[in-house]
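Chemist: There's a structure below that I have some questions on.
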Amino acid sequence: MVVSMSKGIKNNQTLAFLRSYAVRDYLKNHIFYQKYPNLKYHHSASVSGQRGGQFRRVFIEMIVFNAFE
């Protein structure tokens with residue numbers, strides 16, 4: 001996925017992915033890094049195919065591997 005200032009964000013899937021990546025980056029660099037530098041991260045984002053406010057939500061699931069190694 002390539003996003004640039006000139007092309008911008010073209011769809012909801014890209015926006016959802018970038019938002020989830022921002023959460024991952026914050027957790028990695030500000031919360032866990034000093035105590036658990038060897039953590040592995042995986043994230044994904046999905047978008048509902050339906051329209052309307054009731055379908056706009058965020059669900060974050062964190063699975064932490066190697067936290068105590």
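The values are calculated or read from the model by the stated rules, or taken from the named source; none is laboratory data. This is a predicted model, so every value here is computed, not measured. Note: areas computed on protein heavy atoms with side chains; ligands, DNA, RNA excluded. Shrake-Rupley method; radii C 1.70, N 1.55, O 1.52, S 1.80 Å.
Chemist: Work out, step by step, the length gained on full extension between Y36 and S6: first 0.36 nm times the residue separation, then minus their alpha carbon distance; give nm to one decimal.
Modeler: Residue separation times 0.36 nm, minus the Cα-Cα distance, leaves 7.1 nm.
Chemist: Right, next: Where does the chain land at 222 nm, in deg cm²/dmol rounded to the nearest 500, when only DSSP H runs of n ≥ 4 count, each adding -39500 (n - 2.57), divided by all residues? Mind showing how you got there, number by number?
Modeler: Details: 1 runs with 15 residues, N = 69.
Helix-only estimate at 222 nm: -7000 deg cm²/dmol.
Chemist: To continue, here is another question. Could you state the orientation-averaged shadow area of the convex hull built on the Cα atoms of the chain, in nm² to one decimal?
Modeler: Taking the Cα atoms of the chain, their convex hull projects to 6.1 nm² on average.
Chemist: Helix 12-26 against the longest principal axis of the chain: what's the angle in degrees, Cα atoms only, rounded to the nearest 10?
Modeler: Roughly 20 degrees between the two axes.
Chemist: On the protein heavy atoms, probe 1.4 angstrom, tell me the percent of accessible surface of the chain carried by carbon and sulfur.
Modeler: Result for the chain: 53 percent of the exposed heavy-atom area is carbon or sulfur.
Chemist: Would you mind getting the accessible area per residue of the chain, heavy atoms of the protein chains only, 1.4 Å probe, in Å²?
Modeler: Numbers: 6520 Å² over 69 residues.
Computed with neighbouring chains in place, this is 94 Å² per residue.
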